[in-house]
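Enquirer: Below: one structure in structure tokens.
The values are calculated or read from the model by the stated rules, or taken from the named source; none is laboratory data. Since the model is a prediction, treat every value here as computed from it, not as a measurement. No Cβ is skipped: glycine too gets one built from the backbone with ideal geometry, and neighbour counts run over all protein chains shown. Surface accessibility is based on the protein's heavy atoms, side chains included, excluding ligands, DNA and RNA. Shrake-Rupley method; radii C 1.70, N 1.55, O 1.52, S 1.80 Å.
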Amino acid sequence: MISKKKKLSDFIIDEIKLMLNDGRLKEGEKLPNQNEFARQLGVSRLSLREALNTLSLQGVISQQPGVGTIVLSGNPTMWAENQAAPMLSDSKATTELLETRKHLEVIIAKCATDHIVDSDIGLIEEDINRMRKAVVVHDTRKYLKADMAFHYHIASSSHNRYIISMFLTIRNLMEEFMLEAFKLFPELIVSSFNYHMKIFESIKSKDAKRTSKYLLKHLEEIESKLKDYYSMETAKN
């Protein structure tokens, strides 16, 4: 029986982990459609959708319109646990998250450019195209989904499970934090896309130095905006 203290969506995530552990699901496979999968698990579509959204945030699956839901990470022990994302009002937490991400992105850039293959470049290019479309229609959430997929696919281009695991550990924190940052600084979206285009061109040419350079410049711009914001908030008080 399912514990009343445990959310049904958490039970569903545990079931998907079990299916991966015993081989019923494998990395790269497509999940059944939501109606069929909900029937298999004996749950409602609403609970299943909540569980899939959580797994999508963690980078475990990719929900692609017209394609279906694909398993990206087949090793449940590597999945990130849910954590509370830092809010912009917590200057120490946001500074620590950005500092962590800066160090991690340099490692990812080096390993990705060493091991990236054409199929990885194709996935990253698809993310860039989705980001471009989201910028045109001013859809922040769609942009951010494509942005996070972009960084996930760069991390997965390393073909190193531990680097992917490190990225997944902070992925959901990054997404929630960046959503809040884009709301506060909407002008960042166009600038962000321009940096992502430069990052894409650099990683496509397997230039680790340039890839790291543009990744860091992108993050430093966010840092600069935050410093100005915190200075103004301090002055108000």
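Enquirer: Scan region 130-174 for residues that are under 19 Å from K102 (Cα atoms) and not in a helix (DSSP H, G or I) and jot them down.
Expert: Filtering region 130-174 down to residues under 19 Å from K102 (Cα atoms) leaves 144, 147-158, 160, 162-174.
Correct list: S157, S158, N160.
Enquirer: Can you tell me which residues in region 203-222 are under 13 Å from I128 (Cα atoms) and not basic (K, R)?
Expert: First pass over region 203-222, keeping only residues under 13 Å from I128 (Cα atoms): 203-204.
Residue satisfying the conditions is I203 alone.
Enquirer: Those residues that are of a type outside the set (D, E), farther than 17 Å from D90 by Cβ and open to solvent by 40 Å² or more (accessible area, probe 1.4 Å), I need them from region 219-235; list them, please.
Expert: Step one: of region 219-235, the residues of a type outside the set (D, E) are 219, 222, 224-227, 229-232, 234-235.
Narrowing further to those that are farther than 17 Å from D90 by Cβ: 219, 224, 235.
The answer is S224, A235.
Enquirer: If we scan region 156-170, do we find a residue that is open to solvent by less than 70 Å² (accessible area, probe 1.4 Å) and within 21 Å of R132 (Cα to Cα)? Steps first, please.
Expert: Going through region 156-170, the residues open to solvent by less than 70 Å² (accessible area, probe 1.4 Å) turn out to be 156-158, 160, 163-165, 167-170.
Remaining after also requiring within 21 Å of R132 (Cα to Cα): none.
Within region 156-170 (the criterion being open to solvent by less than 70 Å² (accessible area, probe 1.4 Å) and within 21 Å of R132 (Cα to Cα)), the answer is no, since none of the residues qualifies.
Enquirer: Considering region 125-155 alone, what residues qualify as being among the basic types (K, R) and more than 10 Å from the chain's Cα centre (by Cα)? Before you say what the answer is, go through the steps one by one.
Expert: To start, the set of residues in region 125-155 that are among the basic types (K, R) comprises 130, 132-133, 141-142, 145.
Result: R130, R132, K133, R141, K142.
Enquirer: For region 172-218, which positions are of a type outside the set (A, V, I, L, M), closer than 14 Å to D147 by Cα, open to solvent by 20 Å² or more (accessible area, probe 1.4 Å) and touching a Phe, Trp or Tyr at 6+ places or on another chain (Cβ under 7 Å)?
Expert: Taking region 172-218 and keeping what is of a type outside the set (A, V, I, L, M), we get 172, 175-177, 180, 182-183, 185-187, 191-196, 198, 200-202, 204-207, 209-214, 217-218.
Now drop any that are not closer than 14 Å to D147 by Cα, which leaves 172, 175-177, 182, 191-196, 198, 200, 218.
Applying the additional criterion that residues be open to solvent by 20 Å² or more (accessible area, probe 1.4 Å) yields 176, 191, 193-195, 198.
Once the filter is applied, which keeps residues that are of a type outside the set (A, V, I, L, M), closer than 14 Å to D147 by Cα, open to solvent by 20 Å² or more (accessible area, probe 1.4 Å) and touching a Phe, Trp or Tyr at 6+ places or on another chain (Cβ under 7 Å), region 172-218 yields Y195, K198.
Enquirer: Can I ask one more? Taking the condition in contact with a strand residue (DSSP E or B) (Cβ under 9 Å, 6 or more places away or on another chain), among the small types (G, A, S) and either surrounded by 14 or more Cβ atoms within 10 Å (Cβ to Cβ) or modelled with pLDDT of 80 or more (or both), does S91 pass? Steps first, please.
Expert: Details: in contact with a strand residue (DSSP E or B) (Cβ under 9 Å, 6 or more places away or on another chain): no; among the small types (G, A, S): yes; either surrounded by 14 or more Cβ atoms within 10 Å (Cβ to Cβ) or modelled with pLDDT of 80 or more (or both): yes.
Answer is no for this residue.
Enquirer: Here is a follow-up. Can you name every residue in region 6-28 that is closer than 18 Å to Q63 by Cα and open to solvent by less than 70 Å² (accessible area, probe 1.4 Å)?
Expert: S9, I12, I13, I16, K17, L20, L25, G28
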